[in-house]
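Asker: I have a structure here, written as structure tokens, and I will follow up with some questions on it.
The values are calculated or read from the model by the stated rules, or taken from the named source; none is laboratory data. Here the structure is a predicted model, which means the values were calculated and not measured. Cβ: placed from backbone, ideal geometry, glycine included. Neighbour counts: every protein chain shown.
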Amino acid sequence: MITVADIIALPAFERIELAAPCAGAGAREVRNVGILDLAPDEQAYADYLPGEFIASNLGFARDDAALAEASLLTLIKRNVAAVAVKNVHHPHLSEAVRAASTSAGVPLYLYDGAYHEVLVYQALDLIRRDGEESDKGRMVDALLAARDSQGTRAKLYQLTGAMGATLQCLAVAPRNADECSLYAALDALAEVLRAFKADWASVDTVFACRYHDLLLAFVSYAQPPASVRAASEADLVARIQGIGPLWLGVGEEGPLSDGDLSVREALAALKTARIEADAVVCWADLHHDAFRAAAAASRLFGRTAAFHRALLEEYDAENDAELAPTAEALARAYGDVRAAAEQLHQHPNTVRYRLRKAKAVLGMPDAPDREFAFLLGLIFLDRTNPLLGR
């Protein structure tokens with residue numbers, strides 16, 4: 001998806017600024033680009049559609065402030081993606097226009113830069129590029145859906161051209177996503193990867209692409225010694241951080257045939273980075289959360305856990321009990337009854353009573369507490385997973 005932030009980051013804009021406050025301006029979707037070069041007609045600019053980024057120098061209005069105001073107010077009512085007015089004829093933007101921009105959430109910009117034709121060419125080229133990147137995103141989805149090592153290697157080669165012995169994926173997201181151009185970040189990331197490859201002989205292939213609202217970087221290696229890999233990874237992470245304020249998730253290097261796993265690891269690490277507000281998170285740093293994320297990816301595991309939770313939830317519904325939330329609290333507390341009681345604002349003895357009831361419901365009345373706590377940890381493994389955003 002192309003956003004207003006992507007458009008105003010184009011080289012055609014030498015200087016650009018908001019004419020009035022407009023929350024979420026940069027995050028608005030842009031589906032097309034157009035030029036405003038005439039006064040409103042009977043159709044009230046019906047040809048200008050929501051989602052279009054409109055550029056104008058208001059040359060048709062010249063010194064007619066009322067006409068300029070009427071034109072801009074009409075465009076704002078059309079709910080276009082944004083309006084950019086070029087500082088050629090010293091346009092006067094009335095308070096009514098600025099207020100309408102803020103109220104409607106349609107950003108209004110003043111800019112210096114290239115002619116409209118250049119702007120439109122660059123913007124349409126970016127929209128075309130976005131279509132190509134969307135195709136790459138679908139290829140990543142296909143990679144993650146691959147069921148065999150041969151298919152994984154083939155899809156990785158089709159996407160990245162990787163032919164090295166191993167592959168590592170890194171997931172990147174701008175911290176200020178509303179105002180940051182994802183494509184500007186993608187170009188910077190690609191340049192970092194090219195320089196990284198030139199400096200490290202062990203690197204076979206580098207590749208970067210957009211994947212939904214984030215970026216993926218792929219590095220394929222020719223099986224370097226572990227000491228070299230540790231140094232090169234630290235160097236790459238530092239270079240990527242130099243792009244600007246980003247969240248970074250780092251997957252583990254592994255065989256090319258397991259490249260999809262490195263993608264999953266990078267995505268999980270990135271999600272943790274965002275949740276915990278850590279600039280960089282590596283898969284190896286996740287510990288318990290790594291196992292939770294791995295378990296959540298298994299349909300059989302999820303179904304088995306859901307079955308056991310359903311037994312507790314059905315008992316609760318029939319008996320006005322609270323076995324399921326108590327069991328989940330115990331799982332979160334790693335079996336520590338007092339910690340679970342504090343979380344539930346209950347007496348520890350109440351938690352112990354419910355624990356005995358839960359054992360009976362699950363058919364394990366004589367199980368030791370430690371063994372049952374281990375089972376609860378498995379049953380609620382995905383529920384206690386911060387990567388699922390609960």
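Asker: Which of (1) surrounded by fewer than 15 Cβ atoms within 10 Å (Cβ to Cβ); (2) assigned to a strand (DSSP E or B) is the odd one out, the single condition residue 83 does not satisfy?
Answerer: (1)
Asker: Moving on to the next point. Taking the condition outside the structural domain of residue 211 (by TED's automatic domain parsing), under 27 Å from residue 187 (Cβ atoms) and in a loop (DSSP other than H, G, I, E, B), does residue 40 pass?
Answerer: Considered against the rule, which asks whether it is outside the structural domain of residue 211 (by TED's automatic domain parsing), under 27 Å from residue 187 (Cβ atoms) and in a loop (DSSP other than H, G, I, E, B), residue 40 comes out as no.
Asker: Name the residues in the stretch 286-314 that are modelled with pLDDT of 80 or more and either closer than 24 Å to residue 271 by Cα or among the aliphatic types (A, V, I, L, M) (or both), would you?
Answerer: 286, 301, 303, 305, 306, 310, 311, 312
Asker: Something else about it: Please go through the stretch 88-110 and give me each residue that is within 28 Å of the chain's Cα centre (by Cα) and in a loop (DSSP other than H, G, I, E, B), ordered by number.
Answerer: Within the stretch 88-110, 105, 106, 107 qualify.
Asker: Okay, next question. Do we have residue 75 as without any contact (Cβ under 8 Å) to a residue 60 or more places away in the chain, under 27 Å from residue 137 (Cβ atoms) and either more than 30 Å from the chain's Cα centre (by Cα) or not in a helix (DSSP H, G or I) (or both) here?
Answerer: Spelling it out, it is not the case that residue 75 is without any contact (Cβ under 8 Å) to a residue 60 or more places away in the chain, under 27 Å from residue 137 (Cβ atoms) and either more than 30 Å from the chain's Cα centre (by Cα) or not in a helix (DSSP H, G or I) (or both).
Asker: Could I ask something else about it? Quick one: residue 124 ticks every box in (1) modelled with pLDDT under 90; (2) assigned to a helix (DSSP H, G or I); (3) hydrophobic (A, V, I, L, M, F, W, C) bar one, so which box is it?
Answerer: With respect to (1) modelled with pLDDT under 90; (2) assigned to a helix (DSSP H, G or I); (3) hydrophobic (A, V, I, L, M, F, W, C), residue 124 is out only on (1).
Asker: Follow-up. Which one of these is touching a residue at least 40 places away in the same chain (Cβ under 8 Å), surrounded by fewer than 21 Cβ atoms within 10 Å (Cβ to Cβ) and part of a strand (DSSP E or B): 207, 196, 218?
Answerer: Step by step, each of 207, 196, 218 is checked, and only 207 is touching a residue at least 40 places away in the same chain (Cβ under 8 Å), surrounded by fewer than 21 Cβ atoms within 10 Å (Cβ to Cβ) and part of a strand (DSSP E or B).
Asker: Within the stretch 134-148, identify whether any single residue is farther than 16 Å from residue 262 by Cβ, at pLDDT below 85 and loosely packed, with under 15 Cβ neighbours inside 10 Å, and answer yes or no.
Answerer: Among the residues of the stretch 134-148, at least one is farther than 16 Å from residue 262 by Cβ, at pLDDT below 85 and loosely packed, with under 15 Cβ neighbours inside 10 Å, which makes the answer yes.
Asker: Quick one: residue 357 ticks every box in (1) closer than 17 Å to residue 310 by Cα; (2) out of contact with any Phe, Trp or Tyr (no Cβ under 9 Å at 6 or more places or on another chain); (3) among the basic types (Lys, Arg) except a single one, so which number is it?
Answerer: Condition (2) is where residue 357 drops out.
Asker: In the stretch 165-183, which residues are buried (at least 18 other Cβ atoms within 10 Å of the Cβ) and either modelled with pLDDT of 80 or more or in a helix (DSSP H, G or I) (or both)?
Answerer: Once the filter is applied, which keeps residues that are buried (at least 18 other Cβ atoms within 10 Å of the Cβ) and either modelled with pLDDT of 80 or more or in a helix (DSSP H, G or I) (or both), the stretch 165-183 yields 166, 167, 168, 169, 170, 171, 172, 173, 174, 181, 182, 183.
Asker: Out of all the residues in the stretch 118-138, which are free of Cβ contacts under 8 Å to residues at least 12 places away in the same chain and over 19 Å from the mean Cα position of the chain (by Cα)?
Answerer: 121, 125, 128
Asker: Right, something else. May I ask you to verify whether residue 274 is of a type outside the set (A, V, I, L, M, F, W, C), surrounded by fewer than 23 Cβ atoms within 10 Å (Cβ to Cβ), touching a strand residue (DSSP E or B) at 6+ places or on another chain (Cβ under 6 Å) and at pLDDT below 90? Break it down into steps so the answer makes sense when it comes.
Answerer: Numbers: of a type outside the set (A, V, I, L, M, F, W, C): yes; surrounded by fewer than 23 Cβ atoms within 10 Å (Cβ to Cβ): yes; touching a strand residue (DSSP E or B) at 6+ places or on another chain (Cβ under 6 Å): yes; at pLDDT below 90: yes.
Taking the combined requirement at face value, the residue satisfies it.
Asker: When you check residue 106 against the structure, is it modelled with pLDDT of 90 or more and more than 17 Å from residue 8 (Cα to Cα), yes or no?
Answerer: The answer is no for residue 106.
Asker: Can you go through 58, 93, 18 and tell me which one is in contact with a Pro (Cβ under 7 Å, 6 or more places away or on another chain) and modelled with pLDDT under 90?
Answerer: Just a single option satisfies the conditions, and that option is 58.
Asker: Quick one: residue 21 ticks every box in (1) out of contact with any helix residue (DSSP H, G or I) (no Cβ under 6 Å at 6 or more places or on another chain); (2) more than 20 Å from residue 121 (Cα to Cα); (3) exposed (fewer than 13 other Cβ atoms within 10 Å of the Cβ) except a single one, so which number is it?
Answerer: All conditions are met except number (1).
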